[in-house]
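The values are calculated or read from the model by the stated rules, or taken from the named source; none is laboratory data. No experiment lies behind these values; they were computed from the predicted model shown. Accessible surface areas use protein heavy atoms only, side chains included; no ligands, DNA or RNA. Shrake-Rupley method; radii C 1.70, N 1.55, O 1.52, S 1.80 Å.
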Amino acid sequence: MYDRILLPTDGSDATNPAVEQAIGLARETGAELHVLFVVEDIPYAPEMMDDRVEDQLREIGEGAIEEIRERADEAGVDLVAAIREGAPHNSILGYADEEDIDAIVMGTHGRSGLDRYLLGSVTERVVRTADVPVLTVRRSEE
(Lines give C-alpha, C1' and ligand atoms only; values in the text may rest on other atoms or scores of the structure.)
Protein backbone atom coordinates (compact mmCIF):
# COMPACT_ATOMS: atom_id res chain seq x y z
CA MET A 1 0.00 0.00 0.00
CA TYR A 2 2.69 2.48 1.00
CA ASP A 3 6.26 2.15 -0.20
CA ARG A 4 7.45 5.70 0.54
CA ILE A 5 6.05 7.91 3.31
CA LEU A 6 7.02 11.56 3.68
CA LEU A 7 7.34 13.19 7.10
CA PRO A 8 7.97 16.94 6.86
CA THR A 9 9.39 18.37 10.10
CA ASP A 10 10.19 21.81 11.38
CA GLY A 11 12.12 20.46 14.37
CA SER A 12 9.58 21.60 16.95
CA ASP A 13 8.19 19.45 19.74
CA ALA A 14 4.74 19.95 18.21
CA THR A 15 5.67 17.49 15.46
CA ASN A 16 6.42 14.59 17.87
CA PRO A 17 2.96 12.97 17.52
CA ALA A 18 3.34 13.04 13.73
CA VAL A 19 6.80 11.48 14.03
CA GLU A 20 5.34 8.62 16.08
CA GLN A 21 2.54 8.08 13.57
CA ALA A 22 4.87 8.18 10.57
CA ILE A 23 7.35 5.74 12.08
CA GLY A 24 4.52 3.42 13.14
CA LEU A 25 2.91 3.53 9.70
CA ALA A 26 6.25 2.91 7.97
CA ARG A 27 6.99 -0.01 10.31
CA GLU A 28 3.56 -1.58 9.76
CA THR A 29 3.65 -1.24 5.97
CA GLY A 30 7.35 -1.84 5.43
CA ALA A 31 7.63 1.58 3.81
CA GLU A 32 10.73 3.72 3.53
CA LEU A 33 10.37 6.89 5.61
CA HIS A 34 11.46 10.15 3.97
CA VAL A 35 12.09 13.02 6.40
CA LEU A 36 12.16 16.53 4.98
CA PHE A 37 13.22 19.77 6.65
CA VAL A 38 12.67 22.99 4.73
CA VAL A 39 14.84 26.05 5.28
CA GLU A 40 12.12 28.61 4.75
CA ASP A 41 12.64 31.75 2.75
CA ILE A 42 11.68 34.84 4.72
CA PRO A 43 9.14 36.54 2.43
CA TYR A 44 9.09 39.82 4.34
CA ALA A 45 12.79 40.61 4.36
CA PRO A 46 14.95 38.43 2.10
CA GLU A 47 17.95 40.63 2.83
CA MET A 48 17.78 39.41 6.45
CA MET A 49 18.38 35.83 5.31
CA ASP A 50 22.15 35.88 5.48
CA ASP A 51 24.46 32.87 5.61
CA ARG A 52 24.49 32.76 9.43
CA VAL A 53 20.71 32.50 9.65
CA GLU A 54 20.59 29.89 6.90
CA ASP A 55 23.38 27.90 8.61
CA GLN A 56 21.50 28.00 11.93
CA LEU A 57 18.31 26.80 10.26
CA ARG A 58 20.21 23.98 8.55
CA GLU A 59 21.67 22.96 11.93
CA ILE A 60 18.16 22.85 13.41
CA GLY A 61 17.09 20.68 10.47
CA GLU A 62 20.04 18.34 10.79
CA GLY A 63 19.39 17.95 14.53
CA ALA A 64 15.70 17.26 13.98
CA ILE A 65 16.46 14.68 11.31
CA GLU A 66 19.03 12.94 13.52
CA GLU A 67 16.52 12.64 16.38
CA ILE A 68 13.98 11.11 14.01
CA ARG A 69 16.66 8.83 12.52
CA GLU A 70 17.43 7.43 15.99
CA ARG A 71 13.74 6.70 16.59
CA ALA A 72 13.35 5.14 13.13
CA ASP A 73 16.44 2.96 13.67
CA GLU A 74 14.98 1.71 16.97
CA ALA A 75 11.79 0.77 15.12
CA GLY A 76 13.67 -0.89 12.25
CA VAL A 77 12.48 1.67 9.69
CA ASP A 78 14.66 2.74 6.76
CA LEU A 79 15.02 6.51 6.57
CA VAL A 80 15.93 8.90 3.76
CA ALA A 81 16.69 12.48 4.84
CA ALA A 82 16.60 15.70 2.88
CA ILE A 83 16.93 19.42 3.53
CA ARG A 84 15.47 21.81 0.98
CA GLU A 85 15.14 25.58 0.69
CA GLY A 86 12.04 27.55 -0.22
CA ALA A 87 8.41 27.90 0.72
CA PRO A 88 7.59 24.90 2.93
CA HIS A 89 4.37 23.80 1.23
CA ASN A 90 5.92 24.05 -2.25
CA SER A 91 9.02 22.19 -1.13
CA ILE A 92 6.95 19.43 0.49
CA LEU A 93 4.75 18.98 -2.57
CA GLY A 94 7.74 19.12 -4.93
CA TYR A 95 9.63 16.54 -2.91
CA ALA A 96 6.59 14.27 -2.76
CA ASP A 97 6.29 14.43 -6.53
CA GLU A 98 10.01 13.96 -7.25
CA GLU A 99 10.39 11.02 -4.87
CA ASP A 100 7.11 9.31 -5.85
CA ILE A 101 5.80 9.54 -2.27
CA ASP A 102 2.68 7.46 -1.50
CA ALA A 103 1.51 9.33 1.63
CA ILE A 104 2.43 12.37 3.71
CA VAL A 105 2.23 12.41 7.50
CA MET A 106 2.41 15.82 9.16
CA GLY A 107 1.41 17.63 12.31
CA THR A 108 -1.36 20.18 12.41
CA HIS A 109 0.81 22.58 14.42
CA GLY A 110 4.38 23.66 13.98
CA ARG A 111 6.55 26.68 14.59
CA SER A 112 4.46 29.23 12.74
CA GLY A 113 2.35 31.65 14.74
CA LEU A 114 1.14 34.87 13.16
CA ASP A 115 2.07 33.57 9.69
CA ARG A 116 -0.62 30.90 10.03
CA TYR A 117 -3.29 33.54 10.27
CA LEU A 118 -1.83 35.73 7.55
CA LEU A 119 -0.87 33.12 5.01
CA GLY A 120 -2.61 29.88 6.03
CA SER A 121 -0.76 26.99 7.60
CA VAL A 122 1.65 24.79 5.73
CA THR A 123 -0.43 21.74 6.62
CA GLU A 124 -3.61 23.29 5.26
CA ARG A 125 -1.92 24.13 1.98
CA VAL A 126 -0.48 20.64 1.63
CA VAL A 127 -3.83 18.99 2.43
CA ARG A 128 -5.62 21.13 -0.14
CA THR A 129 -3.17 20.54 -2.97
CA ALA A 130 -1.40 17.18 -2.47
CA ASP A 131 -1.91 14.42 -5.01
CA VAL A 132 -1.42 11.73 -2.35
CA PRO A 133 -3.18 11.02 0.96
CA VAL A 134 -2.18 13.31 3.82
CA LEU A 135 -2.49 12.07 7.40
CA THR A 136 -2.68 15.03 9.76
CA VAL A 137 -1.83 14.48 13.40
CA ARG A 138 -2.99 16.81 16.13
CA ARG A 139 -0.62 17.81 18.87
CA SER A 140 -1.74 16.36 22.18
CA GLU A 141 -2.81 19.00 24.67
CA GLU A 142 -0.52 18.80 27.68
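If each residue of separation counts as 0.36 nm, what is the full-extension length gain between Arg58 and Ala75 once their alpha-carbon separation is subtracted?
The span from Arg58 to Ala75 would gain 3.6 nm if fully extended.
Amide H of Arg139: which non-local residues (sequence gap of 5 or more, or other chain) have their own amide H closer than 5 Å, using H built in the peptide plane?
Here the answer is Thr108, His109, since their amide H atoms fall under 5 Å of that of Arg139.
Can you give the accessible area of Tyr95, probe radius 1.4 Å, in Å² rounded to 10?
Accessible area, nearest 10 Å²: 10 Å².
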